[in-house]
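Take a look at the structure below.
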Amino acid sequence: MSDLQTAYTALRAALISTASNTPSWAGRAYADQAPAPTASAPITRPYVIYSYSGGGDENALLQADPNLLIDVTCVADTVQAALAGDTEIRARLDDSGEQDIRRGMTGDAEWYIKTVTHEQRLHFVEQANNGATQIYHSGGRYRVIMERKT
Amino acid sequence: MSATLDDSVLRTLIDVFPVRFDQWLGTVASDIRDDIIVSINYPGPSKPGDPPGYDTQTLMDTLDISRIQALIWAVFSPKDRAVYLELGTEKLAKRPFFTPVLEAWRQYKLQQSAEKANLLNV
């Protein structure tokens, strides 16, 4: 499994986990982009997008040592819903790596997920339908530091 | 276990040579803008996840730098499109062009630039 695939899998697991005080994002968490809606599978806001934004191996260790930036944002119809979603996401992800204080996220047979750290806040308003509709995006940029086990 | 980063020498150098550091940061901002322009200087259309290519060169032409105050410089574009491309929208997969360049600077280019400017050997 690639480093990014492991990171995506762990992020998704943390987002949809039911072992949290906040509602699970199960069925409302998408990698990279929400799929195109269909009649049988509409996409309803709010939902969460997690997507790679930058970074790569630090090359500070003999084994692969990815240092990835992954954006996780809540997409909502109102600013209040977007901000509330961001708060819930942060409660699930920030400081949740295997070496972090909360230790909620783990890697797999090939990779450690050492730390997951909230960095910059992301917040913007998308002017959809030529400005007739506003879609609010709010979330954070998470630095995911990993290390290959084998 | 905890670790503390000792940046006292760097802070002293900045206090003693503020103009020199400010000028260097201006150079860094300019170089970052140039790196972004290089990364997007190919014809579109781009693939999701890749930096955006150019159709009209609007994004490229609006990238600019600005000195906000002493020791704080900004690299920016005034176009909404820049945010949409960098972070994605509901219907547009993101095409990051700013973050990958910043990450390269964080990883090694900033140190190279400081060494080239002989900043740390005063």
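Taken together, the values in this text are just the output of simple stated rules run on the coordinates, not laboratory data. None of these values were measured; they are calculated from a predicted model. In this analysis, Cβ positions are derived from the backbone assuming ideal geometry, glycine residues included, and neighbour counts consider all displayed protein chains.
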Taking B:D34, A:D94, B:D6 and counting other beta carbon atoms within 10 angstrom, the fewest-first order is B:D6, B:D34, A:D94
Of the range A:32-48, those with amide N under 15 Å from the point 7 Å along the Cα→Cβ vector of A:M1 are none
Treating every alpha carbon of the range B:25-64 as one equal point scatterer without solvent, the Debye formula yields log10 I(q)/I(0) values at q = 0.14, 0.16, 0.17 Å⁻¹ of -0.32, -0.41, -0.45
Expected integer from the mean partner chain Cβ neighbour count at 10 Å over A:117-126 is 2
Quotient of Cα radius of gyration and Kirkwood radius for the range B:62-122, i.e. Rg/Rh, equals 1.10
Candidate cut points under trypsin sites (Lys or Arg not before Pro) in the range B:15-92, DSSP loop plus at most 14 other Cβ atoms within 10 Å of their own Cβ, are B:K79, B:K91
From DSSP H assignment alone, runs of 4+ in chain B each adding -39500 (n - 2.57), the sum over residues rounded to the nearest 500 puts [θ] at 222 nm at -13500 deg cm²/dmol
Taking max minus min of the Cα coordinates of the range A:3-59 on each principal axis, largest first, gives extents in Å of 46, 29, 15
The size of the Cβ-based charge dipole (Lys, Arg +1; Asp, Glu -1) of chain A about the Cα centre, to the nearest 20 debye, is 360
The ratio Rg/Rh over the Cα atoms of the protein assembly as shown, Rh being the Kirkwood inverse mean 1/r radius, stands at 0.99
Within chain A, the percent of DSSP beta bridges that are antiparallel, given to the nearest 5, stands at 90
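Largest first and in whole Å, give the semi-axes of chain A's equivalent ellipsoid, each being the square root of 5 times a Cα gyration tensor eigenvalue. Present the calculation step by step, with values, prior to reporting the outcome.
Details: eigenvalues 161, 48, 43 Å².
Sorted largest first and rounded, they come to 28, 15, 15 Å.
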If R0 = 30 Å, then B:Y108 and B:D6, at their Cβ-Cβ distance, give a FRET efficiency to the nearest 0.05 of 0.90
Put in order of increasing Cβ neighbours within 10 Å, starting from the fewest, A:M105, A:M1, A:M146, B:M60 give A:M1, B:M60, A:M105, A:M146
For A:G56, other-chain or 5+-apart residues with amide H closer than 5 Å (H placed, Pro excluded) are A:N67
Assertion target for A:S138, A:S51, ordered by fewest C-beta neighbours within 10 angstrom first, is A:S51, A:S138
Computed D for the range A:79-150, Stokes-Einstein, Kirkwood radius over alpha-carbon pairs, 37 °C, 0.692 mPa s, to the nearest µm² per second, is 239
